[in-house]
Amino acid sequence: MLTRPVKKSSQSGFSMIEVLVALLVLAVGLLGILVMQARGLQLNQAGYMQSQAMFMAEDIVERIRTNQVVIDSYEIDFDDEGDDTAGFCDSDCSDAEMAAADLFGWKSTLASVLPQGDGRVEIGEPSGNLYPVTVQIQFFQGETFTYQLETTL
């Protein structure tokens, strides 16, 4: 008995439409990964800036804590650059000169570390021998961000 060979009707490759659909799905997936990566970098930068603001606020509080004799000299407002006449103070300058040098250095560092960085220190009315200190740091991060630290010395 002779049998006829059966023709295979299946294709042996991909059609052009299938390839284009696969490339479209791949492109959409890669675009989503790219958007996630960009957003991750943006959030990482925001976290870095906020950490720097926190470190700078703690820095000025520690400087005030070490020079409490002239604690009222540490008050400064936004847009006030401070007094640079004290220059760099070491062991031979007065407490008031040290406060002026601390504030000037702090404001200069804020401006160089944070984009449009500026700071404010407010010393409140003492309660006994404890002084409430409020430090505000503003910088631009897509919008103006304010970091505020309140403590008592």
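The values are calculated or read from the model by the stated rules, or taken from the named source; none is laboratory data. Everything numeric here is computed off the predicted structure, so don't read it as measured data. Neighbour counts are summed over all protein chains in view; Cβ atoms, including those assigned to glycine, are modelled from backbone coordinates with ideal geometry.
Looking only at strands (runs of 3 or more DSSP E) that fall completely inside the range 89-153, which ones have 1 or more residues that are surrounded by fewer than 18 Cβ atoms within 10 Å (Cβ to Cβ) and touching a residue at least 60 places away in the same chain (Cβ under 8 Å)?
Working: elements: 118-123, 132-140, 144-152.
So the answer is 144-152.
Name, by its number, the condition in (1) over 16 Å from the mean Cα position of the chain (by Cα); (2) at pLDDT 90 or above; (3) surrounded by 13 or more Cβ atoms within 10 Å (Cβ to Cβ) that does not hold for T66.
(3)
Are any residues in the range 72-97 at pLDDT below 90 and among the hydrophobic types (A, V, I, L, M, F, W, C), and if so, which ones?
F78, A86, F88, C89, C93, A96
Quick one: G29 ticks every box in (1) outside any loop (DSSP other than H, G, I, E, B); (2) under 25 Å from Q138 (Cα atoms); (3) over 14 Å from the mean Cα position of the chain (by Cα) except a single one, so which number is it?
Every condition holds for G29 apart from (2).
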